């Protein structure tokens, strides 16, 4: 499929448009896969084509399928014996032979083969980092209880140690590193990457209008959203609920999301006899998830790590009062007294008191963002700005 070119692109960098840069996007997950990276890759590719560039994209996939995009899509089918990694590298090298820039969507599954191709062919190479994959894997396999900040100073052996080395080597040798928050910039600097190679480009949030889920006016809903993994802190929210219901009438905790901790959380709800108070709603479509967020009397994010939380920004966009842990990129979004309030991650007493205070005394102004700063605040997360800033990074090479 030949890339479609727009002869009159708007709002993009003029020098890039006139040069017609040839870009290979080295993606990892891609539709019909779900998740932030799977949503981002086709959008950035489409926008770059509309800006006048030739774009090809390579990704991993569970099966072959016909794609209808204005850019070439190469799917590498996942295999039982991990041969797909070699096939990905080989195909990426072919695609890159006639390109100017490789834009990898992560430092490991796409970044590592992209770095090898860069060395082989001498191409410019940009990598996007949205988290610490080594830490996430260590958490998922129960190999560490450390938070992401503490994890950075630790050296591991085995698979986790290998992932740490790969992340660092890829970012150190990339021409540019794109991160979605100032917090992640600090993390990557800690990997030995010079600060002037790292560019902060906030992810775009696609705000959509949704009606709230219908609820009883008598009920007080605390809503949280996220993948059910240990560092998202859902166990703590459930654990403090027996104390909250002593002070807050008709309190309900509703959690949207699925993941490996589902069974554990279900058992905790049963153990604490909260079946009529706590509801684990499972995975929802984005529209349905936002309908629950819109219905929240209070939205909460008790996460031990966030690069930059989309759902936090979406909750604010829906006019919901927000409480969030003071970790990662959260303080870049939540400013106490202006856009919400912060608490120490997993601090049961502090979280409990802030939730009770909100419901009993309305301690947080529900019109925090209804002021002259609202437009500026949300402009940082507009799609056009993300594209413009990304193109500026590619232009700087």
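In the range 228-350, the C-alpha radius of gyration followed by the widest Cα-Cα span (Dmax) gives 13.9, 38 angstrom. Using the rule -39500 (n - 2.57) for each DSSP H run of four or more residues, divided by the residues of the chain, the 222 nm mean residue ellipticity is -11500 deg cm²/dmol. Just to confirm the number: angle between the C-alpha axis of helix 286-295 and the first principal axis of the chain, 0 to 90 degrees, nearest 10? It is inclined by approximately 30 degrees.
Residues in the range 226-248, backbone N under 15 Å from the label point at residue 348 (7 Å along the Cα-to-beta-carbon vector): list them, ranges by number please. The answer is 233-246, whose backbone nitrogens lie closer than 15 Å to the label point. Cα centroid separation, the range 89-121 to the range 279-301: 38 Å.
Principal-axis analysis of the Cα atoms of the chain puts helix 111-121 at an angle of about 10° to the longest axis. Of interest is the spacing of the C-alpha centroids, which for the range 304-354 and the range 169-219 amounts to 15 Å. Counting only DSSP beta bridges with both residues in the range 220-377, tell me the antiparallel percent, nearest 5. If I count the DSSP bridges inside the range 220-377, around 5 percent turn out antiparallel. Ordered by the number of other Cβ atoms lying within 10 Å of each residue's own Cβ, fewest first, 394, 272 fall into the sequence 272, 394.
Work out the FRET efficiency for residue 173 and residue 285 from their Cβ-Cβ distance, taking R0 = 25 Å, and round it to the nearest 0.05. Present the calculation step by step, with values, prior to reporting the outcome.
Details: r = 40 Å, r/R0 = 1.58.
Plugging the Cβ-Cβ distance into 1/(1 + (r/R0)^6) gives 0.05.
Working from label points 7 Å from Cα in the Cα-to-Cβ sense, the residue 271 to residue 94 distance is 5.3 nm.
When N is the residue count of the range 292-356, what does its C-alpha Rg come to as a fraction of 2.2 N^0.38 Å?
On the way: Rg = 10.8 Å, N = 65, 2.2 N^0.38 = 10.7 Å.
The reported ratio for this selection is 1.00.
For the chain, what number results from the quotient of the Cα radius of gyration and 2.2 N^0.38 Å? Intermediate values should be presented prior to the final figure.
Numbers: Rg = 22.1 Å, N = 397, 2.2 N^0.38 = 21.4 Å.
Taking the Cα Rg and dividing by 2.2 N^0.38 Å, one obtains 1.03.
Using 0.36 nm times the number of residues separating residue 376 and residue 250, minus their current alpha carbon distance, what extension gain do you get? Write out the running numbers ahead of the final one.
Numbers: separation 126, 0.36 × 126 = 45.36 nm, distance 3.68 nm.
Here the answer is 41.7 nm.
You can think of it this way: the chain between residue 150 and residue 335 has 64.2 nm of extra reach, that is 0.36 nm per residue less the Cα-Cα gap.
Under the simplified labelling scheme, the residue 262-residue 159 pair shows an inter-label distance of 2.2 nm, with each label point 7 Å from Cα along Cα→Cβ. Relative to the longest principal axis of the C-alpha atoms of the chain, give the angle of the C-alpha long axis of helix 383-395, reported between 0 and 90° and rounded to the nearest 10°. It works out to around 40 degrees.
Coordinate-derived values only; no laboratory data. All figures in this text were calculated on a predicted structure; none of them were measured in a lab. Here Cβ is always computed from backbone atoms with ideal geometry, including for glycine, and neighbour counts include all displayed protein chains.
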